[in-house]
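Only one structure is covered here, and it is reproduced in the block below.
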Amino acid sequence: MAVVKGDNHILECSKISSATLGEIAWMEIFVEDLPIIIFEGSEKKSHLQKYDNFAVETGGNMIYWNLLIDDITPSDEGTYACSLKSHTAESHSATRTVEVAHQYFDISLSDKSTPDDILAEYGETLQLTCQTIGARPALELNWYQRMAPQPEYHQIHTGYTQITTNNTLDTATYDTTNVLQYYVHKDYHLGEIKCETAGQTAIPSDDDVISFEVLWLPDVQLSYNADKMLVVCESSANPPVVESQYAIIIHGNVYRGSTLDIHIIKKTTITCEATNMHYLFPVLVSLLHQWY
C-alpha cells in the first residue's frame, strides 16, 4: 500500500484470537535480517531515530492495538507486523511505501515564445518537453492529443523518457523528462496536446495541456463554367480566405470576390489571388490559368 509523504498513517491491528490474552508487539521485519521490535505493549523497545515518529494506541479493552506513524516520510517505508507475544506465529503484516508529490510539472515548447497559444504551421515538427521534478517513485509521462471537434483525448507516441535520481539514498526522489516530436497535420484546425503523469497510486495523476492552431497557406483552385459563364476561385486555408480577400484578374482588371460572371470567347488568361493571415501577416497565393 502506498501513502503520501507528510500524512499521519495508522496501521491497524486487532486481537488475532478472542481467546488469546497478552499484549501485542509491533516490529519491522526484513527479508534477510532479524526483525526489530519497536513496541511491546505500550513500551517502546527500539530507540532508533527512524522510529521517533512512531506511537501506539489501544482501546476497547485491548481489542485493537494500532501503530501510528506521524508525518510519514520515505525513510518510514517498510514491512511492519503485529503479533501476540505468546503466539508469535500468529501475526499480521503490512508493507508501506511512501509517495512524494512532484514539486514542478510543466510542458515547454522549443522555439516558441508563447507555449500557451501556439500557431503551428502544417508540415512542421513541434518538439514538446514534459518535465516533473522531485517525485517518488519515478513518474511515467504519457502524451495524448485531442483534435477539435473530437471530445476525447487519444494516447499518442510516448516520446523519449529520461529519469534522473536526485540522490543515491533509499529516500531518493526522481526527475522525469519526456521529449515528443510532434508532426503537425492539416486534418484539423485546432488541437490540444496533453502530458499526463502515471505511476503513483496514493497521489492522483496530474496533467498539463498545450493548445495549438494549425495554419496553412491557401491551396487555390480556379475553374470556369462555360454553360453558366462563371469563373470560380476557391481555396483551402487556415485561417480561411474570406470573400473580400479573393481577387480575379483578367486583362489587368481586378475583380474582388471569389466568383465572376463573364463570357470567355477567346484565349484568356485569368489569375486568382487568395490572401489569408499567416502568423499575423497577410500572405498572398495566386494561380494563373488560360482558357481557349
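Worth pointing out:
- Farthest towards the positive end of the charge dipole of the chain, among the residues T97, I133, V209, is the Cα of V209, using unit charges on the Cβ of Lys, Arg, Asp and Glu.
- Positive-end residue, the chain charge dipole about Cα centroid, Cβ charges, pick of I264, Y183, S83: I264
- Full extension of the segment from A198 to Y255, taken as 0.36 nm per residue of separation minus the current Cα-Cα distance, would add 14.7 nm.
- Probe 1.4 Å, accessible area per residue of the chain, Å²: 56
- Summing charges over all other residues whose Cβ lies under 14 Å from the Cβ of T95, with Lys and Arg as +1 and Asp and Glu as -1, gives -3.
- Correct choice for Rg/Rh (Cα atoms, Kirkwood Rh) that was computed from the model, options [x] 1.11; [y] 0.94; [z] 1.36: [z]
- Peptide packing: for 259-268, 34-43, the average count of neighbouring Cβ atoms within 10 Å per residue gives the ranking 34-43, 259-268, highest mean first.
- Phi angles of the range 153-160 translate, via the Karplus equation with coefficients 6.51, -1.76, 1.60 and θ = phi - 60°, into HN-Hα couplings of 7, 10, 5, 10, 3, 6, x, 9 Hz per residue; Gly and Pro are given as x.
- Note on T177 and D207: with the Förster distance fixed at 22 Å, the Cβ-Cβ geometry gives a FRET efficiency of about 0.85.
- Each Lys and Arg Cβ is given +1 and each Asp and Glu Cβ -1; about its Cα centre, the chain then shows a dipole of about 960 debye.
- Cα-centred dipole magnitude for the range 91-174, charges only on beta-carbon of K, R (+1) and D, E (-1), debye, nearest 20: 360
- Whole-percent carbon and sulfur share, accessible surface of the chain, 1.4 Å: 50
The values are calculated or read from the model by the stated rules, or taken from the named source; none is laboratory data. Nothing here was measured: the structure is a model prediction, and the numbers come from that model. Virtual Cβ from ideal backbone geometry, glycine too; neighbours counted across all protein chains shown. Surface accessibility is based on the protein's heavy atoms, side chains included, excluding ligands, DNA and RNA. Shrake-Rupley method; radii C 1.70, N 1.55, O 1.52, S 1.80 Å.
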